[in-house]
Amino acid sequence: MGRFMYVHFGDDVPRNIEKEYNKLLRKERYLEERDAENGMIYADFDAVLAANPDPASIPISEEEEQEQIRQRNRHDYLPDALELLKSDFPEGYELIRDYFLREDKVTMWYLVEKYGLSIDVVRYRIKIAKQKLKEYIILHENE
(Lines give C-alpha, C1' and ligand atoms only; values in the text may rest on other atoms or scores of the structure.)
Protein backbone atom coordinates (compact mmCIF):
# COMPACT_ATOMS: atom_id res chain seq x y z
CA MET A 1 0.00 0.00 0.00
CA GLY A 2 1.08 3.53 -0.66
CA ARG A 3 1.86 6.28 1.75
CA PHE A 4 -0.82 7.76 3.93
CA MET A 5 -2.15 11.04 2.59
CA TYR A 6 -3.16 13.58 5.23
CA VAL A 7 -6.56 15.11 4.48
CA HIS A 8 -6.87 18.89 4.84
CA PHE A 9 -10.34 20.40 5.26
CA GLY A 10 -9.43 24.04 5.13
CA ASP A 11 -10.26 26.86 7.52
CA ASP A 12 -13.93 25.84 7.90
CA VAL A 13 -13.09 22.81 10.09
CA PRO A 14 -11.28 23.22 13.42
CA ARG A 15 -7.72 21.89 13.50
CA ASN A 16 -8.38 19.41 16.32
CA ILE A 17 -11.21 17.78 14.37
CA GLU A 18 -9.03 17.51 11.28
CA LYS A 19 -6.24 15.89 13.33
CA GLU A 20 -8.64 13.42 14.98
CA TYR A 21 -10.19 12.50 11.62
CA ASN A 22 -6.77 11.82 10.09
CA LYS A 23 -5.67 9.86 13.14
CA LEU A 24 -8.72 7.59 12.83
CA LEU A 25 -8.24 7.30 9.08
CA ARG A 26 -4.62 6.25 9.55
CA LYS A 27 -5.57 3.74 12.25
CA GLU A 28 -8.18 2.20 9.95
CA ARG A 29 -5.63 1.94 7.17
CA TYR A 30 -3.11 0.38 9.57
CA LEU A 31 -5.67 -2.25 10.64
CA GLU A 32 -6.45 -3.03 7.01
CA GLU A 33 -2.71 -3.47 6.33
CA ARG A 34 -2.37 -5.83 9.31
CA ASP A 35 -5.39 -7.83 8.14
CA ALA A 36 -3.93 -8.10 4.64
CA GLU A 37 -0.62 -9.34 6.05
CA ASN A 38 -2.43 -11.97 8.14
CA GLY A 39 -4.53 -13.24 5.28
CA MET A 40 -7.85 -11.61 6.22
CA ILE A 41 -9.95 -10.94 3.14
CA TYR A 42 -12.83 -8.51 2.99
CA ALA A 43 -15.38 -8.44 0.21
CA ASP A 44 -15.60 -5.36 -1.93
CA PHE A 45 -19.07 -3.88 -1.48
CA ASP A 46 -19.54 -3.18 -5.19
CA ALA A 47 -18.54 -6.75 -6.06
CA VAL A 48 -21.08 -8.10 -3.58
CA LEU A 49 -23.80 -5.95 -5.11
CA ALA A 50 -22.87 -7.09 -8.61
CA ALA A 51 -22.97 -10.75 -7.58
CA ASN A 52 -26.32 -10.47 -5.77
CA PRO A 53 -29.11 -9.06 -7.90
CA ASP A 54 -31.88 -6.88 -6.58
CA PRO A 55 -34.59 -9.09 -4.99
CA ALA A 56 -37.28 -7.11 -6.81
CA SER A 57 -35.82 -8.18 -10.16
CA ILE A 58 -35.92 -11.91 -9.35
CA PRO A 59 -38.93 -13.54 -11.00
CA ILE A 60 -41.45 -15.02 -8.59
CA SER A 61 -43.72 -18.00 -8.96
CA GLU A 62 -47.43 -17.70 -9.68
CA GLU A 63 -48.25 -18.79 -6.13
CA GLU A 64 -46.10 -16.02 -4.65
CA GLU A 65 -47.64 -13.50 -7.03
CA GLN A 66 -51.14 -14.61 -6.03
CA GLU A 67 -50.17 -14.30 -2.35
CA GLN A 68 -48.90 -10.76 -2.92
CA ILE A 69 -52.16 -9.85 -4.68
CA ARG A 70 -54.16 -11.38 -1.80
CA GLN A 71 -52.16 -9.34 0.73
CA ARG A 72 -52.75 -6.11 -1.22
CA ASN A 73 -56.48 -6.85 -1.38
CA ARG A 74 -56.55 -7.47 2.35
CA HIS A 75 -54.87 -4.13 2.98
CA ASP A 76 -57.38 -2.44 0.68
CA TYR A 77 -60.32 -3.91 2.63
CA LEU A 78 -58.89 -2.99 6.05
CA PRO A 79 -60.72 0.38 6.35
CA ASP A 80 -64.07 -1.35 5.75
CA ALA A 81 -63.19 -4.05 8.28
CA LEU A 82 -62.31 -1.32 10.79
CA GLU A 83 -65.73 0.25 10.28
CA LEU A 84 -67.38 -3.11 10.95
CA LEU A 85 -65.26 -3.51 14.06
CA LYS A 86 -66.25 -0.02 15.20
CA SER A 87 -69.93 -0.94 15.09
CA ASP A 88 -69.58 -4.49 16.52
CA PHE A 89 -66.81 -4.05 19.12
CA PRO A 90 -66.25 -0.34 19.91
CA GLU A 91 -63.91 -1.01 22.84
CA GLY A 92 -61.63 -3.10 20.67
CA TYR A 93 -61.79 -0.55 17.87
CA GLU A 94 -60.63 2.23 20.19
CA LEU A 95 -57.73 0.09 21.43
CA ILE A 96 -56.71 -0.88 17.88
CA ARG A 97 -56.93 2.72 16.75
CA ASP A 98 -54.89 3.99 19.71
CA TYR A 99 -52.27 1.24 19.64
CA PHE A 100 -51.71 0.65 15.91
CA LEU A 101 -53.07 3.64 13.98
CA ARG A 102 -51.78 6.66 15.88
CA GLU A 103 -49.12 8.96 14.48
CA ASP A 104 -47.13 8.82 17.70
CA LYS A 105 -46.59 5.31 19.05
CA VAL A 106 -47.91 4.46 22.49
CA THR A 107 -47.21 1.65 24.92
CA MET A 108 -49.56 -0.85 26.51
CA TRP A 109 -49.06 0.98 29.79
CA TYR A 110 -50.39 4.16 28.20
CA LEU A 111 -53.55 2.27 27.20
CA VAL A 112 -53.83 0.78 30.70
CA GLU A 113 -53.77 4.26 32.21
CA LYS A 114 -56.04 5.79 29.57
CA TYR A 115 -58.80 3.19 29.78
CA GLY A 116 -58.35 2.20 33.43
CA LEU A 117 -58.00 -1.49 32.62
CA SER A 118 -55.43 -4.09 33.60
CA ILE A 119 -52.65 -4.98 31.20
CA ASP A 120 -54.13 -8.44 30.68
CA VAL A 121 -57.52 -7.00 29.74
CA VAL A 122 -55.94 -4.59 27.27
CA ARG A 123 -53.96 -7.43 25.64
CA TYR A 124 -57.05 -9.65 25.53
CA ARG A 125 -59.22 -6.98 23.94
CA ILE A 126 -56.59 -6.19 21.33
CA LYS A 127 -56.27 -9.91 20.58
CA ILE A 128 -60.05 -10.26 20.16
CA ALA A 129 -60.21 -7.14 17.99
CA LYS A 130 -57.44 -8.46 15.74
CA GLN A 131 -59.24 -11.79 15.43
CA LYS A 132 -62.46 -10.02 14.47
CA LEU A 133 -60.64 -7.94 11.85
CA LYS A 134 -59.15 -11.11 10.41
CA GLU A 135 -62.58 -12.75 10.32
CA TYR A 136 -64.11 -9.74 8.54
CA ILE A 137 -61.37 -9.74 5.93
CA ILE A 138 -61.59 -13.50 5.34
CA LEU A 139 -65.39 -13.29 5.04
CA HIS A 140 -65.00 -10.53 2.49
CA GLU A 141 -62.52 -12.66 0.51
CA ASN A 142 -64.92 -15.60 0.44
CA GLU A 143 -67.87 -13.57 -0.80
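Taking the Cα centre of the chain as origin and assigning +1 to Lys and Arg Cβ atoms and -1 to Asp and Glu Cβ atoms, the resulting dipole is close to 760 debye.
Total Lys pairs in the chain closer than 19 Å by alpha-carbon, pairs eight or more apart in sequence or interchain only? Final tally of qualifying lysine pairs is 10.
Summarised as an ellipsoid, the range 62-142 has semi-axes of 27, 14, 11 Å, derived from the eigenvalues of the Cα gyration tensor scaled by 5 and square-rooted, with the largest first. Packing order of peptides 114-124, 59-69, highest average first: 114-124, 59-69 (average count of other Cβ atoms within 10 Å over each peptide's residues). Solvent-accessible area assigned to carbon and sulfur over the chain amounts to 54 percent, based on a 1.4 Å probe.
Just so you know, the averaged projected area of the alpha carbon convex hull for the range 1-58 sits at 6.8 nm².
Here the convex hull built on the C-alpha positions of the chain has a volume of 289 cubic angstrom per residue.
Surface analysis of the chain yields an accessible area of 82 Å² per residue, using protein heavy atoms and a 1.4 Å probe.
Taking the Cα centre of the range 1-58 as reference, the dipole from Cβ charges on Lys and Arg (+1) and Asp and Glu (-1) amounts to some 340 debye. A helix-only calculation puts the chain at -23500 deg cm²/dmol for mean residue ellipticity at 222 nm, using -39500 (n - 2.57) for each DSSP H run of at least four residues, averaged over all residues. With springs only between Cα atoms under 10 Å, which of Pro55, Pro14, Pro79 fluctuates most in a Gaussian network model of the chain? So, out of Pro55, Pro14, Pro79, the one fluctuating most is Pro14.
The values are calculated or read from the model by the stated rules, or taken from the named source; none is laboratory data. What you are looking at is a predicted structure, and each value in this text was computed from that prediction instead of being measured. Glycine gets a Cβ as well: all are built from the backbone with ideal geometry, and neighbour counts include every protein chain shown. We work out accessible area using only protein heavy atoms, side chains counted, and drop any ligands, DNA or RNA first. Shrake-Rupley method; radii C 1.70, N 1.55, O 1.52, S 1.80 Å.
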